[in-house]
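For reference, the structure is listed below as structure tokens.
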Amino acid sequence: MAVINTAAAHQFYNRGPSKKNSVCVFWLKGRCNRNPCRYLHVESPTVKINRPTTTRPTQDFNDPKKTHTQIRVCDDWISDSCVYGDKCRFLHSWIHSDDDNNYQNLSMLTRLNGHKKDVMGIGLPSGSNKLYSGAKDGTVRVWDCESGECVKIINHRAEIGCLISEGSWVFLGLPNAVKALKIDAATGDYETFVLKGPVGQVNSMAVCNINDVLFAGSEDGVISVWKGSVEANPFKLVASIKAHSGSVLSLAVGTQKKKLFSSCADGTIRVWDLENLQCVQTLTGHKDAVKSLFLWDEYLFSCSLDKTIKIWFANQDGNFEVTYTHEEQYGVVSLFGMLDAERKPMLLTSCKDSGIRVYELPSFKQRLRMFSRREVETIDMGPHGLFFLGDRTGVISVWKWLPDQKMESDK
């Protein structure tokens, strides 16, 4: 790595015919470490400087395309080196809303650092006080829910494409296999079972509680199906379905309609009958990869890199149709629905600009926006109003819904 000569850099960047009224460009960026510095560190009446505005960036949240100033988090604030304070034109917060009341309803509790690559799944096994996270760096990290400390690292030496939990089980999607970890909540010990069958990276999984079935979608377009068993290996491969022409990106199980939904990089969503595993419908509304699916009651939510979120509902004939399409400025990589502290339905959507929009349902009015260093691939929910965001830098942020303070004071 080259050694930077600070004095030479100052001379190069601040060069000009007159030094008397020159403003230090390093100071403007909050990075000058020279004291004294021969260039100005103040706004002088003889020098006009385009300093950041003192007002927040404004945006019409009902129309995300009407952006007057780029809304993003200050990089120097993240590294604790911004010198502008309240005058900085970028955000000094991981959350933004035009309505200050919305800030009081949501709080970031902590950030869990440790993974070196994209966080691909988060799980909370039943009865355990530990949080499990899997990432592309090949590790599963186990976090203590009270202290926030990482208490165990399980190295699988292979890229983890997804992680889910169901009951006392944690499932990992790996290249050419699924690993099932049976967690002992009391001791934290686990027993490992390897489920063979997939070809290529496993990118998505889902569990059907009706018939104790595990589904896993892999990059060759196949959905592998295992049935719960009482044998030595508690999972038996019962089917391999050639579902798509490309990688299976997301799976969702709808118990009310007894359907399995799968999405693909080619933009299609397929609907499967859970009883006979036959495809009953292909949904073709998206124009790019469908990255995430989420079922809420009888509604199917889908998001895509084509910058849209679609809501599907079955008509009288049982066929799913688009009932609403929401457009974003950027490709949408993940979504998740949950209730806030007042039991109001909210939809969280993560976009390619590293922003997470929070929409009120069914109006789709944007309540606020959260931010991350990179795109959030994983959104999952915990107990007591908690939820988790895992981004591509390997960081997990822990958030909590808070009761409406105004409503609490009126009681």
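Do you know which residues across the range 119-155 are closer than 24 Å to Leu249 by Cβ, in a loop (DSSP other than H, G, I, E, B) and in contact (Cβ under 8 Å) with a residue 60 or more places away in the chain? Once the filter is applied, which keeps residues that are closer than 24 Å to Leu249 by Cβ, in a loop (DSSP other than H, G, I, E, B) and in contact (Cβ under 8 Å) with a residue 60 or more places away in the chain, the range 119-155 yields Leu124, Asp137.
Output yes when any residue across the range 140-148 is under 25 Å from the mean Cα position of the chain (by Cα), of a type in the set (D, E, K, R), surrounded by 20 or more Cβ atoms within 10 Å (Cβ to Cβ) and over 26 Å from Gln278 (Cα atoms), and no when none is. Steps first, answer last, please.
To start, the set of residues in the range 140-148 that are under 25 Å from the mean Cα position of the chain (by Cα) comprises 140-148.
Keeping just the survivors that are of a type in the set (D, E, K, R) gives 141, 144, 146.
Next cut, surrounded by 20 or more Cβ atoms within 10 Å (Cβ to Cβ) only: 141.
Filter once more, keeping what is over 26 Å from Gln278 (Cα atoms): 141.
Yes, the conditions are met somewhere in the range 140-148.
Taking the listed residues Ser245, Ser224, the one that is modelled with pLDDT under 95 and not aromatic (Phe, Trp, Tyr) is Ser245, with no other qualifying.
Are any residues in the range 283-307 farther than 21 Å from Asp273 by Cα, open to solvent by less than 20 Å² (accessible area, probe 1.4 Å) and either in contact with a Phe, Trp or Tyr (Cβ under 7 Å, 6 or more places away or on another chain) or part of a strand (DSSP E or B) (or both), and if so, which ones? Walk me through how you get there before you give the answer.
We begin by selecting, within the range 283-307, every residue farther than 21 Å from Asp273 by Cα; these are 286-289, 291, 303-307.
Then keep just the ones that are open to solvent by less than 20 Å² (accessible area, probe 1.4 Å); that gives 286, 289, 303-304.
Answer for the range 283-307, where residues must be farther than 21 Å from Asp273 by Cα, open to solvent by less than 20 Å² (accessible area, probe 1.4 Å) and either in contact with a Phe, Trp or Tyr (Cβ under 7 Å, 6 or more places away or on another chain) or part of a strand (DSSP E or B) (or both): Cys303, Ser304.
Where strands (runs of 3 or more DSSP E) fall entirely within the range 182-257, those with at least 3 residues that are crowded, with 20+ Cβ neighbours inside 10 Å are at 190-208, 213-218, 222-228, 248-254. Tally up the residues in the range 156-181 that are outside any strand (DSSP E or B) and of a type in the set (Asp, Glu), please. Total meeting the criteria: 1.
For the range 182-208, the tally of residues that are modelled with pLDDT of 95 or more and in contact with a Gly (Cβ under 6 Å, 6 or more places away or on another chain) stands at 5. Evaluation of Glu275 against the conditions (1) of a type in the set (D, E, K, R); (2) part of a strand (DSSP E or B); (3) free of Cβ contacts under 8 Å to residues at least 24 places away in the same chain shows that the sole unmet condition is (2). Looking at this structure, is Arg392 more than 30 Å from Gly127 (Cβ to Cβ), modelled with pLDDT of 90 or more and not hydroxyl-bearing (Ser, Thr, Tyr)? So Arg392 passes the test.
The values are calculated or read from the model by the stated rules, or taken from the named source; none is laboratory data. All figures in this text were calculated on a predicted structure; none of them were measured in a lab. Cβ atoms come from the backbone with ideal geometry, glycine included; neighbour counts cover every protein chain shown. The accessibility values were calculated without ligands, DNA or RNA, using every heavy atom of the protein model including side chains. Shrake-Rupley method; radii C 1.70, N 1.55, O 1.52, S 1.80 Å.
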